[in-house]
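Taking it in order: structure first as structure tokens, then the write-up.
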Amino acid sequence: MSIRTRITAALLTASVVGAGVAPPPAGAADNVVTSRGIEIPAFYTPPATLPADNGALIRTEPLPLALSLPGINGRLPGNATRIMYKSTDSGGKPVAVTGAYLEPAAPWLGPGPRPLVVFAPGTMGQGDQCSTSLALQRGLVLGIGQEQSTVSIGYEILAIYGLLAKGLAVVETDFPGLGATDRLHTFVNRLDSGHAVLDAARAAKALPDTSVTANSAVGLYGYSQGGGAVASAAELQSSYAPDVRLRATYAGAPPANITDVTAGIDGTELVGTLGWSVNGFVQSEPDLRPLLDRHLNDTGRAVLKDLSTMCAGDALLTYANQRSSTWTANGKSMVDIIRTEPRWQRYIDAQLIGTRKPAGVVRVATGVNDNAVPHAQSRTLAVDWCRLGGDVVYAPIVLPDAGSPVLNHAGAYLADQGPAVDWLTHRLAGLPALSTCTILPLQP
């Protein structure tokens, strides 16, 4: 049985055993406990002083994978290392970011040294227990307390393992404030997420005893929240991290225009993401707190506080289809309030992606019926990048309308996952991609 076949078997095994509750990690006595009763390793508590250089490693430790199989030359799909590294937030301040580096068991069959893929996860939530690096260790996080519960599913494991099966090294970022316990996750902040992606590449190349070299080509992979993060990173590479040898980016369903995205989620299954966005705004710009407090009622304050500790599953089960107008003192929706408050709107406008030429070739994929991260604004990103002279491959994903924002969004991700992994692998192997900028006006 080949390595790639055995990795596929591991994924099938995951679908059977992934619903179990993982035992507490070793050293649980040293763990800190979240408000939802989930143990977070002490590793995730940043030190008081951070290194000066972006991408500098702060600490590392072996990361046991929840889903793996024995192989001839070690575990499949490979070995993992938990990492914490230094980045810079949108305010120019140092921030500790956690994540994981995965060294694949599969060989790299392309030319040159083994490439590195920075993996930016999709929406996991805002509680520290939701981080993808913890999901890699635990598979599924399930906590049930007297008053609160939490459910976090490591759904990104499928894509990560698919990349490893191609012989690509993967470094995953948890993003600022998700995992690391010193601040709240800023969710869709353009600079926070873009910097974290680029600094993850630097951190991975600084790790000892890996097959990645200084000359390894770098690719970026992300869908939804992760798609926005890698899209931002592709724009920021030339100014923030010119040393990162970025060759190709897969940006699936990127939330490039937050105004358009938030307008469509109020009152749907995904209204929790609106709360995470607002929480993140205030984390990034504390001066917005008095403005927010002026508009919230007691219900709104309680909801935003609750959401700040939740994972995606929690928010879906608890707040699906609520309207944010029930959170406000005047009965207006949060979206309407943001539009009428110049300070809020200035912050939102600063998150726009598509105003700078991206580095390398970028594949923008979006479901034509995606109404969670609207198809139109993702397509506009591709158009804007083409006008700036970017090397863009636009890939519309045509699926029937499932009648649900969650299903439309997730369906496009699952349908495109295999093609996306193959496309990125080919680019990192040096094969050219045909830009679609000349025919983009003809595509849906």
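Taken together, the values in this text are just the output of simple stated rules run on the coordinates, not laboratory data. Predicted model, so just to flag it, every value in this text is computed and none were measured. Ideal geometry is used to build each Cβ from the backbone, glycine not excepted, and the neighbour counts take in all protein chains shown.
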Would you work out the relative contact order for the chain, in percent, from Cα pairs under 8 angstrom that are 6 or more residues apart?
15
Residues with amide H under 5 Å from that of Leu296, placed H, sequence gap 5 or more:
Ala329
Using just the Cα positions, wrap region 259-349 in a convex hull and report its mean projected area in square nanometres, one decimal place.
5.2
Positive minus negative residues near Val244 (Lys, Arg vs Asp, Glu; Cβ under 14 Å)
0
What does the charge count near Glu235 come to, summing +1 for each Lys or Arg and -1 for each Asp or Glu among other residues with Cβ under 9 Å from its Cβ?
+3
Residues meeting the amide H criterion for Asp370 (H placed from the backbone, H to H distance under 5 Å, 5 or more places apart or on another chain) are His375
How long are the semi-axes of the equivalent ellipsoid of the chain, defined as square roots of 5 times the Cα gyration tensor eigenvalues? Whole Å, largest first.
31, 27, 21
Taking the Cα centre of the chain as origin, work out the dipole magnitude from +1 charges on Lys and Arg Cβ and -1 charges on Asp and Glu Cβ, in debye rounded to 20.
780
If you build a Gaussian network model of the chain, linking Cα atoms that sit under 10 Å apart, which residue out of Phe175, Phe119, Phe43 swings the most?
Phe43
Listed residue (Thr273, Thr150, Val188) projecting farthest to the positive dipole end of the chain, Cβ model:
Val188
On the principal axes of its Cα set, how long, how wide and how thick is region 73-231? Give whole Å, largest value first.
53, 36, 26
Which whole-number percent gives the relative contact order of region 145-237, counting Cα pairs below 8 Å spaced six or more residues apart?
25
At a 10 Å Cβ-Cβ cut-off, how would you order Glu285, Glu61, fewest neighbours first?
Glu61, Glu285
For region 118-128, just list the computed ³J(HN,Hα) in residue order, Karplus coefficients 6.51, -1.76 and 1.60, θ = phi - 60°, integers in Hz, with x standing in for Gly and Pro.
8, 9, 9, x, x, 4, 10, x, 10, x, 4
Fewest-first ordering of His409, His295 by Cβ atoms within 10 Å yields His295, His409
Once the Cα gyration tensor of region 268-319 is found, what semi-axes does its equivalent ellipsoid get, as square roots of 5 times the eigenvalues, in whole Å, sorted largest first?
20, 12, 8
Given 0.36 nm per residue, what is the gain on full extension from Thr45 to Ile439 after removing their alpha carbon distance, in nm?
136.9 nm
Can you run the Rg to Rh ratio on region 160-261? Use alpha carbon positions and the Kirkwood inverse-distance Rh.
0.96
Looking at the chain as a GNM with Cα springs under 10 Å, which of Asn189, Asn279, Asn330 has the largest mean-square fluctuation?
Asn330
Non-local amide H neighbours of Thr249 (under 5 Å, H modeled in plane, Pro and chain starts lacking H): which ones?
Leu220, Val361, Val362, Arg363
Please figure out what share of the DSSP beta bridges in the chain is antiparallel and state it in percent, rounded to the nearest 5.
55
Whole-number percent relative contact order across region 259-349, with pairs defined as alpha carbons under 8 Å at least 6 apart
38
Using θ = phi - 60° and the Karplus relation 6.51 cos²θ - 1.76 cosθ + 1.60, list the HN-Hα couplings for region 103-116 in order, rounded to whole Hz, with x at every Gly or Pro.
8, x, 7, 5, x, 8, 9, x, x, x, x, 4, x, 10
Among Pro208, Pro104, Pro242, residue whose mean-square fluctuation peaks in a GNM of the chain (springs only between Cα atoms under 10 Å):
Pro208
Helix-derived [θ] at 222 nm for the chain: sum -39500 (n - 2.57) over DSSP H runs of at least 4, divide by residue count, nearest 500?
-11000 deg cm²/dmol
What dipole magnitude, in Debye to the nearest 20, does region 213-360 give about its Cα centre under +1 on Lys/Arg Cβ and -1 on Asp/Glu Cβ?
300
Please report Ile338, Ile353 as a ranked list, fewest other C-beta atoms within 10 angstrom at the top and most at the bottom.
Ile338, Ile353
